[in-house]
1. Using alpha carbons only, how many degrees (0 to 90, rounded to 10) separate the axis of helix A:7-17 from the longest principal axis of chain A?
2. May I ask you to give the average projected area over all directions of the convex hull of the Cα atoms of chain B, in nm² rounded to one decimal?
3. Put +1 on the Cβ of every Lys and Arg and -1 on every Asp and Glu Cβ in the range A:250-379; which of A:325, A:263, A:301 then has its Cα farthest towards the positive end of the dipole?
4. How far apart, in nm, are the 7 Å Cα→Cβ label points at residue B:554 and residue A:299?
5. How much of the pair distance distribution for the range A:1-92 lies past 15 Å, counting alpha-carbon pairs only, in percent?
6. Report the calculated FRET efficiency for residue B:66 and residue B:441 (r = Cβ-Cβ distance, R0 = 51 Å), to the nearest 0.05.
7. Any idea how far apart residue A:172 and residue B:22 come out in nm if each label point goes 7 Å out from Cα toward Cβ?
8. Put +1 on the Cβ of every Lys and Arg and -1 on every Asp and Glu Cβ in chain B; which of B:302, B:171, B:146 then has its Cα farthest towards the positive end of the dipole?
Amino acid sequence: MKIVIEGNHALSYGAKAANVDVVSAYPITPQTQVVEKLSEMCASGELDAKFIKVESEHSAMAAVVGASAAGARAFTATSSQGLLLMHEILHWAVGARLPIVLGNINRAVGPPWSIWTDQNDSLSQRDTGLLQYYCESNQEVFDTVLLAFKVSETVMLPTMIVLDAFFLSHTSEIVEVFGPEEGAKFLPPFKPVDYLTPDNPMAFGNLTSPDSYYELRYKINKDTLRALDVAKEADEEFEKIYGRSYGIIEEYRTEGADTILVTSGTVTSTARAVVDAWRDKGRKLGLLKMRLFRPFPIEDVRRVLGNRKKVVVIDRNIGFSIGGIWAQEVKAALWNMRKQIPIFGFIAGIGGRDITPDVINEILDIADRLEYPEEEVYWIGVKDGQISYSRR
Amino acid sequence: MSDQKKTFRDEKEMPLSAVSATDMRWNKTGSWRNVKPYYDPKTSPCIAGCPAGENIQGYIELAKGERYEEAVRLIWQNNPFPAVCGRVCYHPCMDNCMRKEFDGSVFIPAIERFLGDYAIEQKLKEELPKERFDDKIAIVGGGPAGLSCAYFLAKRGYPVTIFEAKGNLGGVLRYGIPEYRLPKDVLDAEIERIVDLGIDVKTNTFVGKDITMEDLAEYSAYFIGVGLQRSRRLGLENEEANGVMAGLEFLEAMNSGKPVEIGKRVVVVGGGNTAMDVARSALRMGAEVTVLYRRTRAEMPAIEDEVEEAIEEGVTIRFLATPVGIITSNGNLKEIKCQEMQLGEPDESGRRRPIPKEGAYFALKTDSLLVAAGEMPDAECFQSVVSLNYGLIVADEYGRTSHEKVFAGGDIVSGAATVVNAVARGRGAAELIATEIQGGIFNPKTEKKVVAIADVNTAYFLHKRRATMPRSEGTHGNNRFAEVNLGLTCEEVQEELKRCYSCGVCDGCDNCWVFCPDVAIQREEGVYTIDYDFCKGCLICVQECPRGCLSVESEGK
């Protein structure tokens, strides 16, 4: 069934299609509609799930950890400060190997307060071990909920689905949705091996000596790497059933390109138009859309970027002093290929500032002009003497 | 303690995350505890607040399930007058209700009235006693105390005779309370049900005049519940003038359908329920009514609702005023001279004593002065058998007097009190009398702990507005003497019932079972037990019990 919904509701409908058992969340702008819709679904019986109201995001995450530990399929959603408050429990969910799915709406972190989008909230959770998907459209958001549960429950690790505040969360698009029966064709009921039950009370997560802790961490890494193949297979299976596919990365007009623009989230849609325009002018430009951040698809990135003349990365986030986080990851992925490919790192759109085609053209012009980047990180559009702001 | 320790040779042998090798039940975590929760259902505060000890929470639960007959029979175990008390009681139960500060107490009297009326409509009869005894018992006075005592003795199988001075049973319920508050057909129906237990009734029989105290000697025991029959007088000159009348006398005339002339302007003296009844009755006769009360509204002994309704109907109350002179012309009342008062130091009742404001007088032209300044006992005829104190019979709360065969209760013991107090004392005396006759030892039931507001978790209460009772149209016109408060419909009662939270009473909600992090709570046949092998004393169960059915004690106590 095709309906017109905003990105936040695409998450809610996705959770319904995944037939989740437990939802626990605390409202925060710009995530609120995700939870509103799910609470309505739970209240009306449209979704047969328990909705647990809590007093903070820390508790929301703790509640889904408990639910998941007891063998339930559990979902939560948050944003920005809320995700940061969950941080401790995100580590717990990974270490306890709980296949929770979390929707995060990218919102800039305060202070100063901002409700607009950038990626520092989710990317700063890089080393918690959560798997991370970044989405470009509302359809992709809906479909990714099912894909995320599939991957999570296969490798027993939690997944975060990330979408831009307002550009996706509050923008309506046509989305093909379906209910739990249709969803079950792809996503069978969750059957955990060990789980909390009064009938057989086991202890979980207890004190573990250096004798075993090391191996348990090793296993998380191994399964995170395995998730690359699992995600690809899931994507293929999804396409067979529903006719839609996203891959773990997406190449757009990369054939014969000597410069590749690397993007994530909704900037990708704008970048597609810019790439089309440059191609129309005969320029050899292509686009790599990063969909999976964790596990980082090193082999795929090397395959797409390894033989190009230039790589241009747009980051809507900042690792202070070292540059955008996606750029750092790309550099790390390519380094051991021992090919010195110039990698241009651009910061743009932080705190929700628009990334227009003009901004991307300016980025591409700089990269085009230089053989090698003269600066480790370029901030695009920083006001320089032409400031006009109101004191009202 | 488990001594299984597993050493892994290969990460592939290891589980995904740390998990115990065995079931953890060997680990008796209860030893960590320093406080101990225990399952401890309590008495609801409404029940504790009811002088008659009606099982309010119990009958509300039954009524929720539309088991109205069982509900009303449960009330009858403590009070044979639900239809009466549902209308006239001052409902202390509502003062105790946990919802009082939350969103308003549950409208308990409206529910009680509905159930009482249900019994009348369905013509429900009492179950006759299984046992019969030969010991005859006399009841002196057919008011609420006497009827209650007679009822509970008759239900136990004792032959009971009531001696009533007036023409009909009911006492203050019949002759004191006006029709618009308590319709006679309601009263008649409840009295009829009581008398149908086989009670012998001798009306127009004034003990001490029509029969002597010696005539009562043939009874195994007798109960005196004659109430307060004399009106207090103002002690002013000209109090015998035409137009000056005792409030009770006026009400009795009204209630007996005797003609009574009060004229256009009426002054009522007093601040109790009788004064309100007198004022509102006079209003219905078309008079302009002014009540004089010597203190302020806060000190008025009348039920708050009655004062409210009287003012709404158009009664004027002049506070801090008292009559000091009756001016007559040819033996007829003309004018009342009034003194303005002010509040001084608190007296022995704790209320501030009214003292005259020097030189402040005013006059009221009036056709009638109705004096409702209190009632006094008239018990001298019992002086030969029981001790009196200031005219009241000396008796304990179960009616035991200075004479082993004589028992007493109600206003003649307590002084001016309430209907429900009379009912409670009548029942208490019945229990004592029955026990004494059987030669047993009287051992009144000790009450369970009453749940406190701190015990209940009001986070679980949902806000729900209390039902409002519809009123009749007014104090003028053809229906002016008809009942004012019209009662709730069955649907409205059902909605109101849902507001009751059954405080202190376990309803098997499973919250303790759900919340216990140690799975240490078990449920069997609606009763919860705690497995102290595993209870760590976190007290989450106590906190999350909505109704306060779990208590805490120190460990090792």
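Throughout, read-outs are computed from the coordinates displayed, never taken from laboratory work. In this text, all values refer to a predicted model and were calculated from it rather than measured experimentally. Counting neighbours? That spans all protein chains shown, and the Cβs are built from the backbone with ideal geometry, glycine included.
1. 40 degrees
2. Numbers: hull surface 139.9 nm².
Over every viewing direction, the Cα hull of chain B projects on average to 35.0 nm².
3. The residue sitting most towards the positive pole is A:301.
4. Reported label-point gap for residue B:554 and residue A:299 is 6.8 nm.
5. In whole percent, the share of Cα-Cα pairs in the range A:1-92 beyond 15 Å is 56.
6. Details: r = 41 Å, r/R0 = 0.81.
E between residue B:66 and residue B:441, to the nearest 0.05, is 0.80.
7. Computed distance between label sites residue A:172 and residue B:22 equals 6.3 nm.
8. Sorting the options by dipole projection puts first B:302.
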